[in-house]
1. When ligands, DNA and RNA are left out and all protein chains stay put, how many square angstrom of accessible area per residue does the chain have with a 1.4 Å probe?
2. Projected onto the charge dipole of the range 36-90 (+1 at Lys/Arg Cβ, -1 at Asp/Glu Cβ, origin at the Cα centre), which of 85, 53, 41 gives the Cα projection farthest towards the positive end?
3. Suppose every Lys and Arg Cβ carries +1 and every Asp and Glu Cβ carries -1, with no other charges. What dipole size does the chain come out with about its Cα centre, to the nearest 20 debye?
4. Based on the Kirkwood radius over alpha-carbon pairs, what value in µm²/s does the Stokes-Einstein equation return for the translational diffusion coefficient of the chain at 37 °C and 0.692 mPa s?
5. Helix-only estimate, please: 222 nm mean residue ellipticity of the chain, summing -39500 (n - 2.57) across DSSP H runs of length 4 or more and dividing by its residues, to the nearest 500.
6. First compute the accessible area of the chain with a 1.4 Å probe, then give the percent of it belonging to carbon and sulfur atoms.
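The values are calculated or read from the model by the stated rules, or taken from the named source; none is laboratory data. A quick note: this is a predicted structure, and the numbers were derived from the prediction, not measured. As a convention, Cβ positions derive from the backbone with ideal geometry for all residues, glycine included, and neighbour counts pool all protein chains shown. Heavy atoms of the whole protein, side chains included, go into the accessibility calculation; ligands, DNA and RNA do not. Shrake-Rupley method; radii C 1.70, N 1.55, O 1.52, S 1.80 Å.
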Amino acid sequence: MEVRDKLYDLTNDIDNIGLYDPEKRRKEELELKIEYHTKLAREEGIEKGLKNGSNNEKKTIAKAMLSKNMEIPIISEITGLSENQIMMLN
C-alpha cells in the first residue's frame with residue numbers, strides 16, 4: 001500500500017509530470033542510432049577512399065615504370081600490383 005501511494009503521489013506531482021516522455025525517448029534513441037550509423041558510414045567511406053587513392057598511386061607509379069621499360073615482375077614486386085593488373089595498364 002505504501003509503495004502504491006508513493007507512486008501515485010510521484011505520478012501526480014506537478015514537478016514530475018513529463019519527466020519521462022516515451023515518445024521523446026524513442027526520438028532520442030533514433031537520433032543516437034542515426035548518429036552512430038552515420039559515423040560508421042563516414043569512417044568506412046574514408047577507409048575506402050584511402051584504399052582507392054593508394055591503389056591509384058600504385059597504378060601511376062607502375063605506368064611510369066612501364067614507360068621506362070622496366071620488367072613487369074619487378075614492377076609487380078615494387079608496387080604490390082599483380083602482373084595482370086600491370087599488363088592491363090598498357
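1. On the way: 8140 Å² over 90 residues.
Per-residue value: 90 Å².
2. After comparing all options, I get 41.
3. Magnitude of the dipole: close to 780 debye.
4. Values: Rh = 18.7 Å.
The estimated diffusion coefficient comes to 176 µm²/s.
5. Working: 4 runs with 70 residues, N = 90.
Estimated from H runs of four or more residues: -26000 deg cm²/dmol.
6. On the chain, the fraction of accessible area on carbon and sulfur atoms equals 55 percent.
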